[in-house]
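What follows is a short report on a single structure.
Quick note: the coordinates plus some simple rules give every number you see, no bench work behind them. Keep in mind the model is a prediction, meaning the values are calculated, not measured. Here the Cβ positions follow ideal geometry from the backbone for every residue, glycine too, while neighbour counts run over all protein chains shown.
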Amino acid sequence: MNHTQRQKIKDKITQDIEFVKREIIELKEKSKPIAPDCSIGRLTRQEMIQEQQIYMHALDGANIRLTKLTYAFTKIDKDNYGICMECEEDILFERLILVPESSHCVSCKQELGL
Ligand SMILES: [Zn+2]
């Protein structure tokens, strides 16, 4: 990976972190506990609980992604960034720019069922 590519990935991680942080704030708001007597418009209480669970699940996912992105950001300047943890081959730049927190190359990811 050359310097320009590394810089591009760095920018992407910074952008993604900002995006996920905003998403977390939004999801926290949406997954707040529902008041017992609360019922809004067409949704029944049961439907609201189901919806809240979907948001909570999304919130978990967003928190995990934030942790991974933050970790990737601390690693980006190190030599082992972008190296597959399994086969130790370079992970393709095209993959890293889309998923900068990747720890495995595509084939190992598929093989390991990650
Ligand atoms: Zn691999």
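Couple of notes before you dig in:
- Members of region 82-106 that are within 7 Å of the ligand (Cβ to nearest atom) and closer than 16 Å to Tyr71 by Cα: Cys84, His104
- When region 85-114 is filtered for residues that are β-branched (Val, Ile, Thr) and in contact with a helix residue (DSSP H, G or I) (Cβ under 7 Å, 6 or more places away or on another chain), the ones remaining, listed by number, are Ile97, Val106.
- Residue within region 59-81 that is within 16 Å of the ligand (Cβ to nearest atom), part of a loop (DSSP other than H, G, I, E, B) and surrounded by 13 or more Cβ atoms within 10 Å (Cβ to Cβ) present: yes
- Pair list, Cβ < 7 Å and 6+ apart or interchain, from region 66-89 residues that are in contact (Cβ under 8 Å) with a residue 24 or more places away in the chain to residues that are of a type in the set (Gly, Ala, Ser): none
- Selection from region 97-114 of residues that are under 22 Å from Ile13 (Cα atoms), part of a loop (DSSP other than H, G, I, E, B) and either of a type in the set (Gly, Ala, Ser) or touching a Lys or Arg at 6+ places or on another chain (Cβ under 7 Å) (or both): Pro100, Glu101, Ser102, Ser103
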